[in-house]
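**Student:** One structure coming up, written as C-alpha cells, with questions to follow.
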Amino acid sequence: VRQGKRWTGANTDAGAALDAIEKHLPVRGERMVILGAGGAARAIAVESARRGATVTIANRSEEKARALSSELDVAWCRTDAIATARPSILVNTTPVGMWPAVDATPVTSVPPCVRLAFDAIYNPAVTRLLTMARKQGAVIVGGSEMYAGQAVDQIRILTGVRVTGAVVMRMFQTAIRQHP
C-alpha cells in the first residue's frame, strides 16, 4: 500500500488465523502444533508465539521442519509424532485435504489432547482432518473464517473502509457455492 511516498506491506494470514482460533480458545499458555513449513505456517507460528502459545512445527519433510523451527526458535517434530508434543491446538497450513483430494489428510489421527483444530483449507468447509478432530471432541475452525478475516483486513488496509466479517463471509460462501 502506498503511504505518502513509501510503500508498506502487511501480512493478513497470521492475524486472521489467530483471531479465528481465539474466538474459540485463547492460545496463551497452549501447546500448538502447526502442520506445514511454508509461508502460512511461518506467519501463524510467529503470531502464535507472540500471543503466548508454545509452538511446534510438524512437516513431512524433516529438513523443512528443522529449518523453520530453527529460524523461529520453536520446537519441531515429524507429522507422525505430533502426539508427543501433546498439543491442545492443531493447525493445518498444508493443502492436503483440499478439493478435489477431499479424502486426503496430513495426519492419520488426531491426538485426544487436541481441544481445537484449525484447518486453513476453505474447500471443503469441513475437511477430513476437521472431521477426525470433531470425532475426538475438539472444537473445529475452518479456513473460511481465516479468509473472511483476511478480506476484512485487506479491504481496510487498501481502501480505509471498514467492513464486517459477516458481510465478507456471506460473499465468500456464495462464491464457493458458485465455483467449487
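The values are calculated or read from the model by the stated rules, or taken from the named source; none is laboratory data. Bear in mind the structure is a predicted one, so any value in this text is a computation, not a measurement. With ideal geometry, Cβ positions are generated from the backbone for all residues, glycine too; neighbour counts draw on all protein chains shown. Ligands, DNA and RNA are excluded from the accessible area calculation, which covers all protein heavy atoms including side chains. Shrake-Rupley method; radii C 1.70, N 1.55, O 1.52, S 1.80 Å.
**Student:** With (1) free of Cβ contacts under 8 Å to residues at least 60 places away in the same chain; (2) part of a helix (DSSP H, G or I) as the list, and SER109 as the residue in question, which single condition is left unmet?
**Tutor:** Here SER109 meets the rest and fails (2).
**Student:** Something else: Check VAL141, VAL110 and return the single one that is closer than 24 Å to GLU47 by Cα, more than 13 Å from the chain's Cα centre (by Cα) and at pLDDT 95 or above.
**Tutor:** After ruling out the rest, the residue left standing is VAL110.
**Student:** Could you give me the residue pairs with C-beta distances under 7 Å whose first residue belongs to the range 46-68 and is charged (D, E, K, R), whose second residue is open to solvent by less than 50 Å² (accessible area, probe 1.4 Å) wherever it lies, and which are 6+ apart or on separate chains?
**Tutor:** GLU47/ALA14; GLU47/GLY15; GLU47/LEU18; ARG51/LEU18; ARG51/VAL27; ARG60/THR79; LYS64/ALA37
**Student:** Hey, another quick one. Are there any pairs with C-beta distances below 8 angstrom linking a residue in the range 1-21 that is over 15 Å from VAL152 (Cα atoms) to a residue that is open to solvent by 90 Å² or more (accessible area, probe 1.4 Å) and aliphatic (A, V, I, L, M), with the two at least 6 apart or on different chains, and if so which?
**Tutor:** From the range 1-21, the pairs are VAL1/LEU158.
**Student:** Give the residue that is least open to solvent (accessible area, probe 1.4 Å), with candidates limited to residues of the range 91-106 that are within 16 Å of the chain's Cα centre (by Cα) and farther than 18 Å from LEU25 by Cβ.
**Tutor:** So the residue we want is GLY97.
**Student:** While we're here: Filter the range 141-158 down to the residues that are more than 16 Å from LEU18 (Cβ to Cβ), of a type in the set (Val, Ile, Thr) and touching a residue at least 24 places away in the same chain (Cβ under 8 Å) and list them by number.
**Tutor:** Within the range 141-158, ILE157 is the sole residue that qualifies.
**Student:** I would also like to ask the following. Quick test of your reading of the structure: THR127 fulfils all but one of (1) open to solvent by 20 Å² or more (accessible area, probe 1.4 Å); (2) touching a residue at least 12 places away in the same chain (Cβ under 8 Å). Name the failing condition by number.
**Tutor:** Failed condition: (1).
**Student:** Kindly check whether there is at least one residue in the range 52-74 that is modelled with pLDDT of 95 or more, under 23 Å from LEU158 (Cβ atoms) and either in contact with a Leu (Cβ under 8 Å, 6 or more places away or on another chain) or not polar (S, T, N, Q) (or both).
**Tutor:** Checked the range 52-74: no residue is modelled with pLDDT of 95 or more, under 23 Å from LEU158 (Cβ atoms) and either in contact with a Leu (Cβ under 8 Å, 6 or more places away or on another chain) or not polar (S, T, N, Q) (or both).
**Student:** Have a look at SER109, SER88 and point out the one that is buried (at least 19 other Cβ atoms within 10 Å of the Cβ) and among the hydroxyl-bearing types (Ser, Thr, Tyr).
**Tutor:** Residue meeting the stated conditions: SER88.
**Student:** Across the range 77-95, what is the total count of residues that are touching a strand residue (DSSP E or B) at 6+ places or on another chain (Cβ under 8 Å) and assigned to a loop (DSSP other than H, G, I, E, B)?
**Tutor:** Qualifying residue count for the region: 5.
**Student:** Across the range 1-56, what is the total count of residues that are open to solvent by 30 Å² or more (accessible area, probe 1.4 Å), more than 30 Å from GLY160 (Cβ to Cβ) and among the small types (Gly, Ala, Ser)?
**Tutor:** The total comes to 3.
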